[in-house]
Amino acid sequence: MIFELVIDILQSSVFRIIILVALSVVLYGALCGPQVHRGYPLIGFDMKDGYSRGLAKAQQQWIANGKDLINQGLAQASFQEFFGSYPGFEPFALDSSSKVVVDTVKGRLTQSLNLIIEELADETDKAVDELFGNPEDWTEITYKPELLKLVSRISSRVFVGPELCENEDWRNISTEYAVAAFVAARTLRQWNFTLRPVVHWFLPECRQLRATLRQARQILKPVIEKRRLENRQRREHGESQSKVADTIGWMDEAAKGKPYDAEVAQIGLSLAAIHTTTEMVSGLISDLCANPEYFEPLREEINLALAGKGWSKKALQDLKLMDSAMKESQRHHLGDIGTHHLLSSLGPPCGNLLTSHLLRLAAMNRMTVSPVTLSDGTQIPKGALTMVDISKMHDASVFPDPHSYKGDRFFQMRHEPGQEQRWQFVSTAPEHLAFGHGKHACPGRFFAANEIRVILIFLLMNYDWKFTAEGRKADKSFGQETDTDPTAKAMIRRRKQRVAL
Ligand code: HEM
């Protein structure tokens, strides 16, 4: 009886389907899952039975052993790719749209900075007034969310024009997509890689991401179509291209007639630009409030650079102390500040544990697409995830007193013979990897440098700043991500002397 029942089950088509699905999942895992390379530790991957033990084990290994792993030049660590082949994650795909974004930022956007600066200043002037108000007495604000709105608004003005920059739905979506993508990717990474191709369809975080992208497409589509029509009509009438920033037209140019997804490209641009810039300004505001002696010299420099000259790339380039204060802030926050403030309050042994946990130790995430042999003979196999150690950014032999914020550090270093170009905000170097280094270093850093300077001019000239009684809040770390605390507060007060041109 039981024997017959078993035979029936084995012969049933439902059972065959279950077996088929199980075999497909195993086969998919074997072919597409992480590959184990001999001698290369893979975090969260048990070398004995070759089975992923999940995020908890990966975190334990990382806390106990993170620095060693990085020092061996091998890091998969808590970083994993952003699932660019799954729906909803399209802006992370390495396809024609992402190439169009990089080419546009490297090309027309950077070449048009002179054209863009007036627009940036005009929008920042209006937006700062609306977001920060006119407080006559010291008033408490939670500055990071306001900075995010500010950066999203002025970036949108340049990227998609005044129409969408006024559109609150677009401003929200252009910032929310990044958050939704990080949350969805983080959730998905907690699932075994063999199940991810299926579970991503059902996970609420991934569904939310797809909905956000759909909504973004709906807002962008008519604007892109309208701009394309205007550009076509202009060409047909023999007129030159738009006199204002037009990343929609510039992307079409960069695509050189090849098909690409213009909506995804616009989301990709916002994704690369908005949170990074917000993070940078938020870090700098906290550094200046913690070191208020820099406020007045920075204001004097702004007055000198701008007075009577108007908004131009040249005037902004004259802000050399500001350039230094910005670069130092990046150095200070990238893998340093949160940890050292926290460590000094905790002391060993907690401190030692946290050093490997909290320090952002590496940057420039890469995956080898073919085997690589380094100059010392080390071989990195195809498909390995690698990162670059950033400890030089806090090395006392390069940057004396490395854990202190010194706003004029790079200003002084630029005065040393032969060092003028090396330590600008936009320069990259193995000792300062905030924008990466080499071929794929951030192409948006020239735009970011100007945008951040314009923002700082309004924030510093129009307001006095200081911390609340709560003081400075340490940065927050999630795996390889380190962010300034979004709940950090400051006091602001309207200044009598405003931006004078
Ligand atoms: C302070 C603000 C910013 C910071 C700290 C920053 C940082 C970075 C970093 C670290 C990378 C990766 C570099 C590498 O892996 O070697 C990167 C790539 C990139 N960034 Fe930025 N970025 C900022 C602003 C911007 C802005 C405003 C834009 C666009 C206007 C932008 C566009 C891009 C693009 C397109 C890439 C990809 C480059 C490639 O794959 O070749 N970034 N950025």
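Quick note: the coordinates plus some simple rules give every number you see, no bench work behind them. Please read all numbers here as calculations on a predicted model, not as lab measurements. Backbone-built Cβ (ideal geometry, glycine too); neighbour counts: all protein chains shown.
Please go through the residue pairs Lys126/Lys149; Lys149/Lys313; Lys99/Lys439; Lys149/Lys221; Lys144/Lys476 and name each one whose alpha carbons sit more than 18 Å apart in this structure.
Lys149/Lys313; Lys149/Lys221
Within the range 257-278, name every residue whose backbone N is under 20 Å away from a label modeled 7 Å from Cα of Arg235 along the Cβ vector.
Those under the cut-off are 257-266.
Report the label-to-label distance for Lys126 and Leu203 in nanometres (one decimal), using points 7 Å from each Cα along the Cα→Cβ vector.
About 3.9 nm, to one decimal.
Below 8 Å between Cα atoms, with a sequence gap of 6+, how large is the relative contact order for the range 136-270 in percent?
28
Within straight cross-link reach of Lys406, meaning Cα distance under 14 Å, which aspartates and glutamates are found once same-chain residues fewer than 8 apart are removed?
Asp287, Glu293, Asp323, Glu328, Asp336
Under a plain spin-label model, where a point goes 7 Å from the Cα along Cα-to-Cβ, how far apart in nm are Asp137 and Glu176?
It is 3.7 nm.
Grab the eigenvalues of the alpha-carbon gyration tensor for the range 243-337, scale each by 5, take roots, and send me the semi-axes largest first in whole angstrom.
Gyration-tensor ellipsoid for the range 243-337: 34, 21, 9 Å.
Taking 1 over the mean of 1/r across every pair of different Cα atoms in the range 437-491, what Kirkwood radius in Å do you get?
Evaluated on the range 437-491, it is 14.2 Å.
Note down the Stokes-Einstein diffusion coefficient of the range 115-247 in µm²/s, whole number, using a Kirkwood radius over alpha carbon pairs, 37 °C, and 0.692 mPa s.
D = 186 µm²/s.
Run the dipole for the range 125-195 about the Cα centre, Lys and Arg Cβ at +1, Asp and Glu Cβ at -1, nothing else charged, and hand back the magnitude in debye, nearest 20.
660
Less than 17 Å from a label point 7 Å out along the Cα-to-Cβ axis of Gln419: which backbone N atoms in the range 261-298 qualify, by residue?
none
Can you put Phe132, Phe193 in order of Cβ neighbours within 10 angstrom, beginning with the fewest?
Ordered from fewest to most neighbouring Cβ atoms within 10 Å, Phe132, Phe193 come out as Phe193, Phe132.
What order do you get for Cys206, Cys165 when you list them from fewest to most C-beta neighbours inside 10 Å?
Cys165, Cys206
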